[in-house]
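See structure below.
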Amino acid sequence: TYVSTKGQTDNFIPSSCDIICGKGKDCYDHIGNKWFRHIVSLYIDEYLAAGENKFKKIKVVSDIFNKVQESENNTGFVSKDRRSGEWRAVSVTRAREKIGHELRIIVSRREKKAEKSKKLYHEAQKFRRLYVIQQAIFVELKAKSDMEIALVQDEEMDEVQCTMMEDNVIKEIDDTDLMYMLGLD
């Protein structure tokens, strides 16, 4: 069996250095779990480099397990027994499962963050292109008409609004002019 802190047996109270296996905010916010997530994050690039190679991934999990075991903090993996309410050290197998689970969570979060950044970048690119097209149309309109065009940029929304003196100006642009202004001719 695996013991939590070096020389410690079952039925104890976990220290701030122990890693609590469980769900919920208390486990997540525990100091030992925060330290654990930091340690796991140091190995994430090595885990990703392992790709589909199961043996390399197992080695990463083993390296993390050994790092935790060799820490000066007497750190161990513990859980609370649901029936008795007593704290107990978990098995090596369960500790390794906890490490693997945390690696997968970090990878998933990283992928979601990358996808969100990519999506935001593409949205920003669309707005930039629309703004350039809109500016080209306004320049063309200004050249074809003596009317005043005022642009107001809303800093919060990053939208461009156009205020025109005449309502029928857009109707004066035929389809070929519009296609030319948009660069689609």
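List the residues whose amide H sits under 5 Å from the amide H of Ile19, counting only those 5 or more places along or on another chain, with H placed 1.01 Å from N in the peptide plane.
Sorted by chain and number, the residues that satisfy this are Gly76, Phe77, Val78.
Taking a threshold of 31 Å on the Cα-Cα distance, which of the pairs Lys56/Lys116; Lys34/Lys54; Lys80/Lys119; Lys80/Lys113; Lys23/Lys56; Lys23/Lys59 fall above it? Numbers along the way, then the final one.
Values: Lys56/Lys116 29 Å; Lys34/Lys54 26 Å; Lys80/Lys119 41 Å; Lys80/Lys113 33 Å; Lys23/Lys56 28 Å; Lys23/Lys59 26 Å.
Lys80/Lys119; Lys80/Lys113, as the Cα separations exceed 31 Å there.
Can you give the Rg to Rh ratio for the range 14-145, taking only C-alpha atoms and Rh from Kirkwood? Please list the in-between numbers first.
Numbers: Rg = 24.0 Å, Rh = 18.1 Å.
When Rh is taken as the Kirkwood radius, the ratio is 1.33.
Dimensions of the range 39-105 along principal axes (Cα, Å, largest first)?
Here the spans come out as 42, 26, 18 Å, largest first.
For the range 12-54, state what percent of all Cα-Cα pairs lands in each successive 5 Å bin, counting from 0 Å until the bin that includes the largest distance.
5, 22, 22, 17, 13, 13, 6, 2
Along the range 61-71, what does the Karplus equation 6.51 cos²θ - 1.76 cosθ + 1.60 (θ = phi - 60°) give for ³J(HN,Hα), rounded to whole Hz, x for Gly and Pro?
4, 4, 4, 5, 4, 5, 4, 5, 4, 8, 5
Residues of the range 33-117: accessible area per residue at 1.4 Å, in Å²?
With the other protein chains kept in place, the range 33-117 gives 65 Å² per residue.
Could you work out the Rg to Rh ratio of the range 8-82, with Rh taken as the Kirkwood radius (inverse of the mean 1/r over all Cα pairs)?
For the range 8-82, the value is 1.02.
The values are calculated or read from the model by the stated rules, or taken from the named source; none is laboratory data. Quantities reported herein were computed from a predicted structural model and do not represent experimental measurements. With ligands, DNA and RNA removed, areas are computed over all heavy atoms of the protein, side chains included. Shrake-Rupley method; radii C 1.70, N 1.55, O 1.52, S 1.80 Å.
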